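The values are calculated or read from the model by the stated rules, or taken from the named source; none is laboratory data. All of these numbers come straight from a predicted model, not from anything done at the bench. Using ideal geometry, Cβ is built from the backbone for each residue, glycine included, and neighbour counts are taken over all protein chains shown.
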Amino acid sequence: MPDVIFLVGMAGSGKSTLTGAYLDWLRSRDQNVLALNLDPGATALPYNPDLDSRNYVNVQQIMLDYSLGPNGALIMASDLLADHLEEMRQQIDQANPDIVLADTPGQIELFAFREGGRFIANELTDDKRAIMYVMDSHFTREPLNFISSLYLAAAIYSRVMQPQLYVLSKADLVQETDIDRIINWTTDQDLFDEALLSVTDQNMSLVIKELASAIFASGLVSEPIPVSAKNNTGLVELDAAITRLLTGGDQKSF
């Protein structure tokens, strides 16, 4: 079976847009890639999925059948989707791609924290799997948002336990100095501690500093890769990092 890359991140981080851009980029280089949509609640996608969770579970029908609201129906749909794992595996086998790009729900907890999503992440393929954690560059350029993103990434890693890498999406929407600052924060904790001095609530700053120390001490922080799905910048570097991750170049951290 092929290797699988799961694109994970907060709602609005640009996962689906990046999925479409990276998919087109790989295919333009004659890569045999399958696009998998794991978000049963998606109403529109910027790419045509080859395999679509919406063909297995219907969120609107679940709402009617079980008298659930949208959130409850999404949770149930996520759990029910795991019942179709073998069908998905069979379709992937039939397509026989080199790699699968799996676009996960905007409600990140449906994939990372529900047992159904965790099951799919670990059982969709017998080959290698990796997590591409997508962070919105504009959101992440603030120190409190930055450390919140790192903690969410660590929480996902602790649940799925697959090799993981960072991506800074929408790099074209921020200044290059913002990108450099974020990258420097991941490589030098002292620089991040200095950035916390700008936080007006010093009690919060002290708490965040302690939390950041724990994250940096874990060894689970590595330099993010800035990319733009709009102009395809960074995709060469992203592809190289994924290749290293899948070939065992960095199985320890993300």
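Structural remarks
- Positions within segment 31-41 being in a loop (DSSP other than H, G, I, E, B), more than 11 Å from Asp103 (Cβ to Cβ) and under 20 Å from the mean Cα position of the chain (by Cα), in sequence order: Pro40, Gly41
- Test: Ile156 is touching a Lys or Arg at 6+ places or on another chain (Cβ under 7 Å) and part of a helix (DSSP H, G or I): no
- Residues of segment 84-131 satisfying the condition of being assigned to a helix (DSSP H, G or I), modelled with pLDDT of 90 or more and among the basic types (Lys, Arg): Arg89
- Evaluating Ile99 against the criteria (1) surrounded by fewer than 15 Cβ atoms within 10 Å (Cβ to Cβ); (2) more than 18 Å from Tyr56 (Cα to Cα) leaves one unmet condition, (1).
- In segment 188-210 there is no residue matching the filter, namely being over 21 Å from Arg244 (Cα atoms), under 22 Å from the mean Cα position of the chain (by Cα) and in contact (Cβ under 8 Å) with a residue 24 or more places away in the chain.
- One residue stands out among those in segment 42-83 that are in a helix (DSSP H, G or I) and acidic (Asp, Glu): the one that is surrounded by the most Cβ atoms within 10 Å (Cβ to Cβ), which is Asp79.
- Residue within segment 170-182 that is under 23 Å from Phe111 (Cα atoms) and either surrounded by 12 or more Cβ atoms within 10 Å (Cβ to Cβ) or in contact with an Asp or Glu (Cβ under 6 Å, 6 or more places away or on another chain) (or both) present: yes
- First in segment 80-95 and within 17 Å of Val33 (Cβ to Cβ), second anywhere and of a type outside the set (Ser, Thr, Tyr), Cβ under 6 Å, 6 or more apart: Gln91/Leu51; Ala95/Leu34
- One residue stands out in segment 194-241 among those that are touching a Leu at 6+ places or on another chain (Cβ under 7 Å) and of a type in the set (Val, Ile, Thr): the one that is surrounded by the fewest Cβ atoms within 10 Å (Cβ to Cβ), namely Val199.
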